[in-house]
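Contents: one structure, followed by commentary.
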Amino acid sequence: KSRLFMGLGMMVYDLIAFDRNKGLDACQNLELTRIISAEQVRKLATNLDTSNITGGASWFDAQVYNSERLVLAFIMSAQRAGADVFNYVRKKSYISVQGKITGLIVNDHFTGQDVQINAKAVVDCCGPWAARDQEFIGTTSAARQPKLMARAVNLVLNRQLSSCALGANTSATPDGNSRLMFIAPWRDGSIVGTWYYPQTAVDNDLTLSEDEMSQCWLQINSVFPALQITRADVTQVHHGLQPAEAAEKAQSEPQLWRHTRIINSTEGSISGGLFWVLGVKLTTARATAESVINKVAAYLHTDVSSSSTSVTALYGGDIKDKSRFEKECFNALLESLSAETITRLIRNYGSNISTIIKLCENDSSLMQFVPGVDDAIKAELTFIIEHEMVYTLSDLLLRRTDIGSFACPKSETIEYCADVMAESLHWEGQQRAENIDELKRKYPTWSCM
């Protein structure tokens, strides 16, 4: 793109995001965008093929350090506000009375028992998986369901491709066109993506085929030819489903939905009480939730107070002054832990770090590192097991701590954490072994030996 075109684009970006620093500490403020020279691009991205680059556009954004704990924060915040939260239950069927949905029959994953949950209305936020309930979808509602899913894929690499996040055009796409690929430094490596593949069936098998994986490496290496990325560099594959439409051209990527859809099913075999939410962006999730509640309230002819969630801190986010909070944490822990470990604890647990500090004060042995890890302490495991509904080893290492987020943990780490879980949850030997096997299946086969 020309310098003028990019400059105008950045100007529009700044105008749209004029309030991006509203309510933030000064240390968290995002700078304005700017155009930079080709030489500046080369300094920022030393591994990038810059042979055809004449300059770049620089902008600033925020990165979620631990997306799994962000999801958990929404759930725990709902519980704190009075919601009953059930983990590891699966919907079996809806309860229908005179054509209206009045609850659910769910199955407890661990006990195998069915449980009836009565409700005045049901909101299904299962996204693409909600499309399985075709028997409850009328003609108009079906037209608003996704015709296709996009299987979204990011690769986690054990090499840092760039010191800053960047977007660059690739070559060698299946349709012969260039595509924009984003690369961001993450933990000790990089996250690269996102690739989108058409998916017609809604199921849990979202793994990449060998051909798809090879195409990913080919495109990465077209941007970073000197690095020669291979499968051995991939430590983790992130994948999920997004609502989409078919691509306009064969072999092109599916066209993602641009807007969230909230479907109030008042036709077909039911006359009300069931709402489907098909979201497209986590950044708009709070606003979507507010809109859904307003629609449910209208259906129930109930008045609800104005939403306060836009100004309510999430679980772990009760921090009024970030700089002061960090200073207090360092004062409490710096004699025993490194600055890097304290920073990681703050990023993962936020204001809940105070509970972890109290655990360490009561039992100094909990300040010790988890075996095989040089920045996670034993007190984290105790805190999580006591407060955060953890039932599996994958919960602990992937969805509560970040010990297994970047790559498959070492064997000694897995064994120790499995022992802690077994003691706390009274696992037998077979259950312990099954949890270890289930954890390892979360990683590419070549990365978890």
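The values are calculated or read from the model by the stated rules, or taken from the named source; none is laboratory data. The model shown is predicted, which means the values in this text are computed figures rather than measured ones. Cβ atoms come from the backbone with ideal geometry, glycine included; neighbour counts cover every protein chain shown.
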Q. Only one of (1) in contact with a strand residue (DSSP E or B) (Cβ under 9 Å, 6 or more places away or on another chain); (2) assigned to a helix (DSSP H, G or I); (3) within 23 Å of GLU68 (Cα to Cα) fails for LEU398. Which number is that?
A. (1)
Q: Answer yes if at least one residue in the range 230-252 is under 30 Å from ASP402 (Cα atoms), modelled with pLDDT of 85 or more, outside any strand (DSSP E or B) and among the hydrophobic types (A, V, I, L, M, F, W, C), and no otherwise.
A: yes
Q: Determine which single condition GLY176 fails, assuming it passes every other condition in (1) surrounded by fewer than 18 Cβ atoms within 10 Å (Cβ to Cβ); (2) at pLDDT 85 or above.
A: (2)
Q: Specify the residue that is nearest to the chain's Cα centre (by Cα); the eligible residues are those in the range 289-310 that are of a type in the set (A, V, I, L, M, F, W, C) and part of a loop (DSSP other than H, G, I, E, B).
A: VAL304
Q: Being within 30 Å of GLY82 (Cβ to Cβ), part of a helix (DSSP H, G or I) and at pLDDT 90 or above is the filter here, so list the residues in the range 311-327 that pass it.
A: PHE325
(Q) Among the residues of the range 301-322, what is the count of those that are within 18 Å of ILE357 (Cα to Cα) and of a type in the set (Ser, Thr, Tyr)? (A) 1
Q. Consider ARG34 against the criteria (1) surrounded by 15 or more Cβ atoms within 10 Å (Cβ to Cβ); (2) at pLDDT 85 or above: it satisfies all of them except one. Which criterion is unmet?
A. (1)
Q | Condition broken by ASP114, with the remaining ones in (1) over 20 Å from PHE182 (Cβ atoms); (2) touching a residue at least 40 places away in the same chain (Cβ under 8 Å) satisfied | A | (2)
(Q) Name the residue that is nearest to the chain's Cα centre (by Cα), counting only residues in the range 409-431 that are outside any helix (DSSP H, G or I) and either closer than 24 Å to ASP374 by Cβ or outside the structural domain of VAL390 (by TED's automatic domain parsing) (or both). (A) PRO409
Q. Among the residues of the range 109-122, how many are surrounded by fewer than 16 Cβ atoms within 10 Å (Cβ to Cβ) and closer than 15 Å to ASN264 by Cα?
A. 1
Q. ILE342 fails exactly one of the following numbered conditions: (1) surrounded by fewer than 18 Cβ atoms within 10 Å (Cβ to Cβ); (2) touching an Asp or Glu at 6+ places or on another chain (Cβ under 9 Å); (3) assigned to a helix (DSSP H, G or I). What is the number of that condition?
A. (1)
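Matching residues to (1) surrounded by 13 or more Cβ atoms within 10 Å (Cβ to Cβ); (2) part of a loop (DSSP other than H, G, I, E, B); (3) assigned by TED's automatic domain parsing to the domain that holds VAL115; (4) not hydroxyl-bearing (Ser, Thr, Tyr):
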{"residue": "TYR13", "(1), (2), (3), (4)": "yes, no, no, no"}
{"residue": "GLN40", "(1), (2), (3), (4)": "yes, no, no, yes"}
{"residue": "SER51", "(1), (2), (3), (4)": "no, yes, no, no"}
{"residue": "ALA57", "(1), (2), (3), (4)": "yes, no, no, yes"}
{"residue": "MET76", "(1), (2), (3), (4)": "yes, no, no, yes"}
Q: Residue by residue through the range 1-25, note down the ones that are under 20 Å from ALA38 (Cβ atoms) and touching a residue at least 24 places away in the same chain (Cβ under 8 Å).
A: ARG3, MET6, GLY7, GLY9, MET10
Q) Do we have any residue at all in the range 371-394 that's buried (at least 17 other Cβ atoms within 10 Å of the Cβ), of a type in the set (Lys, Arg) and within 24 Å of the chain's Cα centre (by Cα)? A) no
Q. For the range 86-108, what are the residues that are surrounded by 13 or more Cβ atoms within 10 Å (Cβ to Cβ) and either assigned to a loop (DSSP other than H, G, I, E, B) or in contact with a Cys (Cβ under 7 Å, 6 or more places away or on another chain) (or both)?
A. ASN87, TYR88
**Q.** Options GLN28, GLN40: the member that is more than 28 Å from the chain's Cα centre (by Cα) and touching a residue at least 12 places away in the same chain (Cβ under 8 Å)
**A.** GLN40
**Q.** Residue in the range 64-74 that is among the small types (Gly, Ala, Ser) and touching a strand residue (DSSP E or B) at 6+ places or on another chain (Cβ under 7 Å) present
**A.** no
Q) Condition test on GLY316, is it surrounded by 17 or more Cβ atoms within 10 Å (Cβ to Cβ), touching a strand residue (DSSP E or B) at 6+ places or on another chain (Cβ under 7 Å) and among the small types (Gly, Ala, Ser)? A) no
